[in-house]
Amino acid sequence: MTANSLSISQEYPHFITSKRRQLNVQIAQEEVYTFFIKIVNTMSPDDVLREFQAVFIDGLDLQYYHSIPQIYKIFLNDKEQDFCNTIKRCIYILINTWKTSRKDKYIQKLVKLFDIKNLKVKANNFPAINICKSWLENFINSKDYQEIKLFAVKHDELSKGHWTNRYTSYLLVAQSVNENNPREQQEAARKLYKQIKDKFKFELAMYIARSQSAVSSTTRYKNPSVLGDNALRLIKAIVLKKGAFSHENIANIFIKQTQGQTLEQFKSSIEKYLFFSVDNQELVKTLRQQFAEILSLWKKDYNQEIITKELFLRACNRVIDCFTTENGKEPSLLFILLLTQGHSLTLVIILLKTILISRNSRRHLEIKIAHLISYYEKYPEDECKWVINFMEIFNITFAIYAENVEYNLIKMEEDESSNPQLNLDAYRVFSQMKVDRQKRVSSDS
């Protein structure tokens, strides 16, 4: 700590004195937050890290003790959860500021501060020290800390380690909407989510361009999926559905046709809409029957009500639940049925069609995907190949349909068949940024 730097004891001497142990915890917490907000905006990141370490860690990682760190005295009366909430929010105050200013390396240094070797060393004659050490150790082993570590992972390391690391963006969505999280965590999660999504969109577009060029394969851009060369063929098959009978056009027709319907009529309409054009008729019959039974039981008392915007949204969210997870814990029966029989693309298209009629359901879907990832993360990658296949197809499909990049399929050579699905190699995919019509109108006026 530099000589002219602020220290928490200098800035707020009253909040750490032993005489104020009964100080209202909430007031004390706010003073701690104010302190870190101030220093992260006025001091160098290295000095901020030293202050953070001095407040929360110094004194606990030594083998010889004189007194416990002052901040712990606020919480010693059985207030471990309050301590955890305090350190968590302080961390996110720093993360959020450094994310905004692109100082990611200091987030990584912050996480490394908790790599403390001596926490398990008991301090004889100092039981209070042991309590504090156990609190910090519990925090390091908590889900909260695991979520914090997501912010320290470099983009190019997301594909390393546990297989679920590739789908970190969905876990961040869950963090961003959890009202139990501090607002700094929610905001930081939204920012990192956008960074990861934007990077995937860029890498996908570049991969498509490079993989179809005549340049040597050694210069090909990195494939952001794990589907290998099958990714390009999948992209072509997905883009092929665009045009007069595209999912988007059919979705718009569905929205118009269901205006003024009762909920009961809407349930029947959405069932037909979702399974329209699904190739495997035997599968369709089984799926439709199970889906219809589940949906028919939902809000039966409202069946004769005219469907409103709110009810439309809730119905679409319920559809998503049916095909992902109904309780936010285990996968639904329809999810398991589709994926275990090798129909990942069918499931993705059903979910896509749901989002195309209800864009506001996108966040709900991503949260459900996060729940599924959390459920399957306890299984090794070899046992989750069908889930991974679904996730990769899901990422690519939604990047093509639900993002701000437009993909088009152009025929490059003649073939004998009029059905392009028979010879996808005769086509190339081109991508370009979509123009925001609203912005274009305002700029032209």
**Message:** Would you confirm, using the coordinates I've provided, whether GLU310 is part of a helix (DSSP H, G or I) and without any contact (Cβ under 8 Å) to a residue 40 or more places away in the chain?
**Reply:** yes
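Of the residues LEU351, LEU424, LEU337, only one is modelled with pLDDT under 95, surrounded by 13 or more Cβ atoms within 10 Å (Cβ to Cβ) and in the same structural domain as THR286 (by TED's automatic domain parsing); which?
Working: LEU351 fails: modelled with pLDDT under 95; LEU424 fails: in the same structural domain as THR286 (by TED's automatic domain parsing).
None of the others qualify; the one that does is LEU337.
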**Complete:** Of the listed residues (TYR207, TYR193), the one being touching a helix residue (DSSP H, G or I) at 6+ places or on another chain (Cβ under 6 Å), at pLDDT 75 or above and buried (at least 17 other Cβ atoms within 10 Å of the Cβ) is TYR193
**Fill in**
Quick count over segment 254-263, residues being surrounded by 12 or more Cβ atoms within 10 Å (Cβ to Cβ) and part of a helix (DSSP H, G or I), is 3
**Request:** Please state which one of GLN81, GLN10 is surrounded by fewer than 20 Cβ atoms within 10 Å (Cβ to Cβ), assigned to a helix (DSSP H, G or I), of a type in the set (S, T, N, Q) and modelled with pLDDT of 75 or more.
**Result:** GLN81
**Request:** Return the only residue of SER142, SER176, SER169 being under 22 Å from GLU80 (Cβ atoms) and among the hydroxyl-bearing types (Ser, Thr, Tyr).
**Result:** SER142
**Request:** Starting from segment 41-70, keep only residues that are farther than 20 Å from THR86 by Cβ and modelled with pLDDT of 95 or more, then list their pairs with residues that are assigned to a loop (DSSP other than H, G, I, E, B) and among the basic types (Lys, Arg) whose Cβ atoms are within a distance under 6 Å, requiring at least 6 positions of separation or different chains.
**Result:** PRO45/LYS103
**Prompt:** Which one is farthest from the chain's Cα centre (by Cα) among residues in segment 272-316 that are among the polar types (S, T, N, Q) and under 17 Å from LEU334 (Cα atoms)?
**Reply:** GLN281
**Message:** Can you list the helices (runs of 4 or more DSSP H) lying wholly within segment 317-385 that have 1 or more residues being aromatic (Phe, Trp, Tyr)?
**Reply:** 333-340, 362-376
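Tell me the residue from ILE336, ILE373, ILE350, ILE307 that is β-branched (Val, Ile, Thr) and farther than 26 Å from ALA399 by Cβ, please.
ILE307
The values are calculated or read from the model by the stated rules, or taken from the named source; none is laboratory data. Keep in mind that what you see is a predicted model, and the values were worked out from it rather than measured. Don't worry about glycine lacking a Cβ; one is built from the backbone with ideal geometry, like all the others, and counts go over all protein chains shown.
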